[in-house]
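In what follows, a single structure is set out as structure tokens and then discussed.
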Amino acid sequence: MGYLILRRAALLVATAGFAFAVQAAQPLPIDPDGVLNRPARVAIHQPMEADPGERLEAAARLGRQSMSEQQKAAMIAALQRKQALYPNQTLGAAYPAGMPVWHSIGPRTSKYSYNGVFIDGVDSGRIRNILVDPTNPNRVYVLTSGGGLWKTGNFYAARPDWSATTDAVLSTSGGAAALGRNANTIYLGVGDPFDVMPTLAGVMLKSTDGGQTWGPWVNLPGATSVRDVKVDTSGEADIVLVATDVGVFRSTDGGASYALSDVGQADGLVSAWSIARTSAGWLVSMVDPGFDFGIPATGQLYRSRDHGASWNAIDAAGDPYTSVGRATLAVARPGESVVYSIASDPTGASQGDVYRSKDGGRSWSALNVTGQTPSNPNCFQPDMNILGGQAWYNQMIVVSPADAKRNTLYIGGNLSTARSADGGASWTLTSSWLPTGCDYVTPALPYVHADNHTATIASYGGKEQLLFGTDGGVFLSADGGASFDSSKNVGIVALLAQTIMSTPQRDSSAITGLQDTGTRARVGESHTWNQVFGGDGEGVAWSQANNAVTLVTAEFMTIARQPGLPSNTGDPNNWLDGSAGIDFTNPDCFPFFTPLTTPTAQLDPTGQVFYTSTGSRLYRTTDGAQSWQQVVQFGSTAAPACIIRQTWHATGLHPKNPQLIALAGAGGRALISQDGGSSWSLTQLTAAVPGYNAFNSSAAWAGKSTLYYSSESTASGVVRVVKTTDFGATWSAADNGLPDAAVHELAADRRDRSGNTLYAATDIGLYWTQDGGANWALYGAGLPNVAVEGLYVSPEGEFLRIATYGRGVWEVDLEH
């Protein structure tokens, strides 16, 4: 982790008529202030599509989108230490008597989704791979980006029985997977290319019993994501090829060890994306690594004729990759001569083209697809630029083995999928991200969730079965794309939950904000969570005193309000704009991860008070978000100081005293007000507590005057929780026993009036302390090794709910 030395004698921060000087800054980790932006405003009932580019940029700014080899080693050590210290709390162990046990409460299914229009479909998490047993099409494995590998033996049943196979391994982050010479052998690469942090990445696992058990992990040195895995079964032992962000790794001993190949290394093209076996040997598409960081770059196609031992670039005259960016390869069956590819342009902001080879990939022809018009264009997809503005992110291509001439193929990208039956000469759209036309009323193409990533074709019941993998799960078509079925997602609990909220007035109900798949609500004790709002689901809030108001958000301060969560299945039509009073006209740093903070019932008996913040302003509403009032602005209207860190949990409210407010500042700043926000003190925590590494993630009050701050720093060996008992005059470390992993949120158990009982949401589980941070321990048993992003402690101490990044929402009984 790099360090930035700030040499300022003082910083002048202006609040509502108040100014203060800050001591000379100390060396700080790179945790920059916010960046001025002007997001486009979105109408509440307009369909919203999550923007992965903006999300990754925001995550990178918060230090959550990179992983060094040192950080990887520290994460592995933390996970191993956790397993060694708490063997009886590991998923599947014999739990000690009296030990609280975590239970998954979904989302397992839904009755509908709402994103400006009602969608009759079921979503699950982002899909990385779909693997079908070639001898038994009912046996299907689905690799999700955050929820690990799922398995069913009755895929074509009305409701398949899915089971998670990787909950007890080091991480549930999914990069890529492949079957070996039989369907019981699975090679699994850990590390989603589009969510490096907050999970472990760049390691391989192997199972020889269909995922029931897994062998030891094998590190891929330097790699932080796994993009593709393929297996050469032509010899006595499986040869495994793994495409990563630092090159292609190869195993010649069935996955026991891996060595980095030299493919692309001499040319500086080390970012590998797609591997395929053709009649000409093995092919791999490589691109300059700058492409992965938004720098326009081109790539190269390489071929191996000795099972990946050595590689040569395809002759430039026959290689279109010298003029494109990321590319994805496809053959109908491994070893065939007809190969297709879909690629982005060098910027990744648009589709390059679709290409075809008739000689195993030694020479290629551009099909000039991007500029074509499909036979059934619509306002979402007027041309065949299927990858859209996210060509770096969403790429899907699959070739039909039922077509002997290999002229039938399907492609997918941002908002649509399409089919060609003549080798790419003409195209017909087969699905859309919304089931309506542009009037949002008239039925149109079948619904398939936005952002396509993978596909496979199987055969069952004498019919070709298309299986598409998207940001919203698996979609099945048995009629060549004329219709799609989303019901196979029921039971795959792999949504990327970020925030969670409930209310004492209806404590069995809950709402959660989800990456990619909006905001979902559970009414009553059910595994059914309906999507009630679109976009990326960010902060959520709910009146604690009287169920008066529910607030949900999407990226960049999109806020919607509704009087109470309805008592039936919910009515998304009741959402009203909840952003009135927020200044969108003057310069500011508007957060992608829109925050909301809910006061306790004692603090707000009206149920109408909530808080939100931008990079420079703290806002409060006293009428349920009908209007917001500015509490404080740091800097000035013309020159805002964006020193509030742009995380979901930046605002800490005292549970009883309305005068006490704390803000998690950027650069390790602690901002504290003792008069309801009229004036503020500032402490540089990196100077106050040696070893504290900035990257503030939350502020939590406990007891009368105790305040805790947490850090989601990914640097190893740093302090991640600090506390003050005198309103910031003095500070101390309070993280003994916490894992060496990011902490995303702290919450106090209000039954403990001393303020010593606290819960911490970390990258590798939920921890607690009963002595004010002097000692922490893993809480409860049976939770997968998954990042915990948010938590909700019921005011009466009955239960604790957590939002996990990949395994949905979990609950534990605190009254065990």
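The values are calculated or read from the model by the stated rules, or taken from the named source; none is laboratory data. These figures come from a predicted structure and were not determined experimentally. Cβ atoms come from the backbone with ideal geometry, glycine included; neighbour counts cover every protein chain shown. Heavy atoms of the whole protein, side chains included, go into the accessibility calculation; ligands, DNA and RNA do not. Shrake-Rupley method; radii C 1.70, N 1.55, O 1.52, S 1.80 Å.
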Helix axis angle, 69-85 relative to the chain longest principal axis, alpha carbon, degrees: 70 degrees
If one puts a single equal scatterer on every Cα of the stretch 720-816 and applies the Debye formula without solvent, what log₁₀ I(q)/I(0) results at q = 0.10, 0.17 Å⁻¹? -0.25, -0.72
Quick one: accessible surface of residue 286, probe radius 1.4 Å, all protein chains present, in square angstrom to the nearest 10. 0 Å²
At 0.36 nm per residue, and after removing the present C-alpha to C-alpha distance, how many nm does the segment from residue 585 to residue 182 gain when stretched out fully? 139.0 nm
Angle check, please: helix 52-61 long axis (alpha carbons) against the longest principal axis of the chain (alpha carbons), in degrees 0 to 90, nearest 10. 50 degrees
Mean Cβ-within-10 Å packing, highest first, puts peptides 606-612, 171-177, 503-509 in the order 171-177, 606-612, 503-509
Which lysines, if any, have their Cα less than 28 Å from the Cα of residue 704, not counting same-chain residues under 8 positions apart? 656, 723
Ranked by how many other beta carbons lie within 10 Å on average, peptides 531-542, 394-405, 575-586 from highest: 531-542, 394-405, 575-586
For every other residue with a beta carbon closer than 12 angstrom to the beta carbon of residue 366, add +1 if it is Lys or Arg and -1 if Asp or Glu, then tell me the sum. -1
Taking all protein chains as present, what is the carbon and sulfur share of the accessible area of the stretch 724-816, in % to the nearest whole number, probe 1.4 Å? 41 percent
Collect residues whose amide H, placed 1.01 Å from N in the peptide plane, falls under 5 Å from the amide H of residue 255; neighbours closer than 5 in sequence don't count. 240
With a 1.4 Å probe and every protein chain kept in, tell me what percent of the accessible surface of the stretch 151-218 is carbon plus sulfur. 49 percent
How do 463, 206, 358 rank by accessible surface area computed with a 1.4 Å probe, from largest to smallest? 358, 463, 206
Where labels lie 7 Å past Cα in the beta-carbon direction, separation of residue 630 and residue 97 in nm: 6.2 nm
Return, ordered by residue number, the residues of the stretch 317-344 whose backbone nitrogen is under 20 Å from a label point located 7 Å along Cα→Cβ of residue 305. 317-320, 335-339
Mind ranking 555, 49, 236 by accessible surface for me, highest first, 1.4 Å probe? 236, 49, 555
Accessible area (Å², per residue) of the stretch 67-113, counting only protein heavy atoms and a probe of 1.4 Å: 49 Å²
With every protein chain in place, what's the accessible area of residue 793 (1.4 Å probe, Å², nearest 10)? 20 Å²
What does the net charge come to around residue 345 if you take all other residues with beta carbon closer than 14 Å to its beta carbon, with K and R at +1 and D and E at -1? -1
Share of accessible surface on carbon and sulfur in the stretch 473-526, whole %, 1.4 Å probe and ligands ignored, is 41 percent
Using label points projected 7 Å from each Cα along Cα→Cβ, tell me how many nm separate residue 729 and residue 439, to one decimal. 7.0 nm
Using only the heavy atoms of the protein chains and a 1.4 Å probe, how would 426, 375, 350 rank by accessible area, largest first? 375, 426, 350
Calculated from the structure, Kirkwood radius over Cα pairs in Å equals which of [x] 26.9; [y] 36.9; [z] 34.0? [x]
Over the stretch 507-626, the quotient of the Cα radius of gyration and 2.2 N^0.38 Å is 1.02
Can you return the lysines within cross-link range of residue 358? Criterion is Cα-Cα under 17 Å, with same-chain partners fewer than 8 residues away left out. 405
Taking a probe of 1.4 Å and leaving out DNA, RNA and ligands, the stretch 577-733 shows per residue an accessible area in Å² of 27 Å²
With a probe of 1.4 Å, find how much accessible area the stretch 240-395 has per residue, and write the answer as a whole number in Å². 35 Å²
Which of the lysines could a cross-linker span from residue 206 if the Cα-Cα distance has to be under 27 Å and same-chain partners fewer than 8 positions apart are dropped? 72, 82, 151, 230, 488
Volume per residue, Å³, of the convex hull around the alpha-carbon atoms of the stretch 689-761? 76 Å³
